[in-house]
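So the structure is just underneath, and the comments pick up after that.
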Amino acid sequence: MAVAVAGVLVAAGAISYAVAEDGSSDGAPAAESADAGFARDMAVHHQQAVEMSYIVRDRTDDEDVRRLAYDIAQTQANQRGMLLGWLDLWGLPKVSADPPMTWMDMGDMATGKDGALMPGMATNSELKKLNTLSGKRAEVLYLQLMTDHHKGGIHMAEGCADKCAVGVEKRLAQGMVDAQQSEIDLMAGMLKERGAKARS
């Protein structure tokens with residue numbers, strides 16, 4: 001286990017170093033660039049996915065859901081660390097006065113109503129409800145919320161794959177698109193097994 005963890009940390013460090021070498025021809029991205037905007041916004045988006053996954057892990061005994069939640073939490077926590085680390089490398093702030101998704105020319109899209117700062121994000125009320133459920137009901141709501149969350153995340157990642165200038169960040173974004181679409185397909189099957197379906 002220790003060797004595996006060390007390998008992940010070394011890989012993350014190598015990717016972080018690569019970002020320092022793989023910026024635009026003018027050096028580090030600007031604070032208002034797509035690269036910086038994606039890093040900031042996706043870090044926030046990922047944090048909620050981690051939170052939801054840890055909630056459901058403690059609300060069900062179903063091994064398939066617990067395994068999926070663990071995988072999502074670990075993957076997105078690691079990616080979040082990389083995104084924030086890149087902002088540090090670039091000497092850029094982790095927060096912006098601009099609305100979320102301004103870098104995608106969509107700063108007026110999300111209202112932040114009830115805590116949903118970006119498309120796909122769960123509201124505070126939905127998170128509170130998830131905390132009150134258990135068993136199959138918790139599993140269904142989690143799978144529905146995470147499906148919506150992934151759809152929003154894919155939209156943002158596609159934006160970075162198109163607009164970002166840093167090669168390794170573009171590749172990470174495309175990897176997010178592919179992985180999260182695969183998980184959406186998996187969750188559709190898990191919802192069907194539970195007599196439910198995605199909300200949209």
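The values are calculated or read from the model by the stated rules, or taken from the named source; none is laboratory data. If you're wondering where the values come from, they're calculated on a predicted model, not measured in any experiment. Note that we place each Cβ from the backbone using ideal geometry, even for glycine, and neighbour counts take in every protein chain shown. With ligands, DNA and RNA removed, areas are computed over all heavy atoms of the protein, side chains included. Shrake-Rupley method; radii C 1.70, N 1.55, O 1.52, S 1.80 Å.
Tabulated results
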{"item": "Any hit, the range 49-62, residues being modelled with pLDDT under 95 and among the hydroxyl-bearing types (S, T, Y)", "result": "no"}
{"item": "Any hit, the range 27-34, residues being touching a Lys or Arg at 6+ places or on another chain (Cβ under 6 Å) and modelled with pLDDT of 95 or more", "result": "yes"}
{"item": "Residue ID - modelled with the lowest pLDDT, chosen from residues in the range 112-125 that are in a helix (DSSP H, G or I) and in contact with a helix residue (DSSP H, G or I) (Cβ under 6 Å, 6 or more places away or on another chain)", "result": "G115"}
{"item": "Of all residues making up the range 161-186, the number that are without any contact (Cβ under 8 Å) to a residue 24 or more places away in the chain and in contact with an Asp or Glu (Cβ under 7 Å, 6 or more places away or on another chain)", "result": "1"}
{"item": "All positions within the range 104-138 that are small (G, A, S), buried (at least 16 other Cβ atoms within 10 Å of the Cβ) and without any contact (Cβ under 8 Å) to a residue 40 or more places away in the chain", "result": "A110, A116"}
{"item": "Residue check, W90 within 15 Å of V168 (Cα to Cα), surrounded by 14 or more Cβ atoms within 10 Å (Cβ to Cβ), modelled with pLDDT of 95 or more and under 18 Å from the mean Cα position of the chain (by Cα)", "result": "no"}
{"item": "Set A173, A157, A161, A165: member being of a type in the set (A, V, I, L, M, F, W, C) and open to solvent by 40 Å² or more (accessible area, probe 1.4 Å)", "result": "A165"}
{"item": "Residue count for the range 107-133, restricted to those that are in contact with a His (Cβ under 9 Å, 6 or more places away or on another chain) and farther than 20 Å from V56 by Cα", "result": "3"}
{"item": "The range 139-160 - residue that is in contact (Cβ under 8 Å) with a residue 40 or more places away in the chain and acidic (D, E) and, of those, nearest to R40 (Cα to Cα)", "result": "D148"}
{"item": "Qualifying position, being exposed (fewer than 13 other Cβ atoms within 10 Å of the Cβ), of a type outside the set (G, A, S) and modelled with pLDDT under 95, among V19, V3", "result": "V3"}
{"item": "Matching residues, the range 58-80, being under 16 Å from A122 (Cβ atoms) and of a type in the set (D, E, K, R)", "result": "R59"}
